[in-house]
Amino acid sequence: RVYWLLNKPAGYVTTARDPQGRPTVLELVPREPRAFPVGRLDLETEGLLLFTNDGDLAELLTHPRHGVEKAYLAEVVGVPSPGSMRALREGIDLDDGPARAVRAQVVQSHGDGSALEIVLKEGRKRIVRRMCSAVGHPVRRLVRTRIGPLTDPKLPPGECRPLTPVEVRSLYAAALDGHAAPPD
């Protein structure tokens, strides 16, 4: 089994092959042994993306019933009101159903924009961007900063590194909530 953590830069699609000829995230990780992205980040979203050939772990991390948190830093237009932030936490009706942040807070505001930390336990297509737009604050830049307990602020954009055994175990523990051990 292999486990890679990539700091995805903007401009790469999360797919094995792109019919439009855009660069793919598979160009940024070792080709052998073959590993696949766990979840997706859209073309312009940056940040942490996990690759593995461990199907059990991939399923645990992506299925909403396991509730593995993913944290994002969103630079948005404007400064959200307390009511807008509460709406993100209490739930927003999107075209594909309700979406709710586990946590959402303004971490910085400046002139015509703000930086928000948004933590979700589910992943749907462009969910953070759609949630922020729904409360009137479109995203200018979006970066995934954490997958479960996994973070690496020193990993440069476009670079990847293997996960340590401790990190792999911590991902299993986050997904299983400590009730079961990862397979050997």
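Details
- Amide H contacts under 5 Å for Phe36, placed H, 5+ residues apart: Thr52, Asn53
- Residues considered: Thr164, Thr62, Thr52. Largest GNM mean-square fluctuation over the chain, using C-alpha springs under 10 Å, is found at Thr164.
- Extension gain, Ser109 back to Ala173 (0.36 nm per residue minus Cα-Cα distance, nm): 19.5 nm
- Rg in Å to one decimal, and Dmax rounded to a whole Å, for segment 73-172 via C-alpha atoms: 14.9, 44
- Vicinal HN-Hα couplings computed from phi for segment 114-122 (Karplus, 6.51 cos²θ - 1.76 cosθ + 1.60; Hz; Gly/Pro x): 9, 10, 10, 9, 10, 10, 10, 10, 9
- Packing here is the average count of other Cβ atoms within 10 Å per residue, and on that basis the peptides 74-85, 28-39, highest first, run 74-85, 28-39.
- Per-residue [θ]222 nm for the chain (sum of -39500 (n - 2.57) over DSSP H runs n ≥ 4, rounded to 500): -5500 deg cm²/dmol
- Centre separation in Å (Cα based) which lies between segment 98-151 and segment 1-61: 21 Å
- Charged side chains reduced to their Cβ positions (Lys and Arg at +1, Asp and Glu at -1) give the chain a dipole of some 180 debye around its Cα centre.
- Among Pro149, Ala16, Leu43 - extreme Cα towards positive end, dipole of the chain, charges at beta-carbon: Leu43
- As computed over segment 32-122, the Cα convex hull volume per residue (Å³): 123 Å³
- Each of Ser114, Ser170, Ala71 was scored by the projection of its Cα onto the charge dipole of the chain, and the greatest displacement toward the positive side belongs to Ser114; charges sit on the C-beta of Lys, Arg, Asp and Glu.
- Backbone amide hydrogens, once placed in the peptide plane, bring Thr24 within less than 5 Å of Val13, excluding anything fewer than 5 places away on its chain.
Any read-out appearing in this document is the output of simple, stated calculations on the displayed coordinates, not a laboratory observation. Here the structure is a predicted model, which is why all the values come from computation and not from measurement. Every residue, glycine among them, receives a Cβ derived from its backbone with ideal geometry; neighbour counts consider all protein chains shown.
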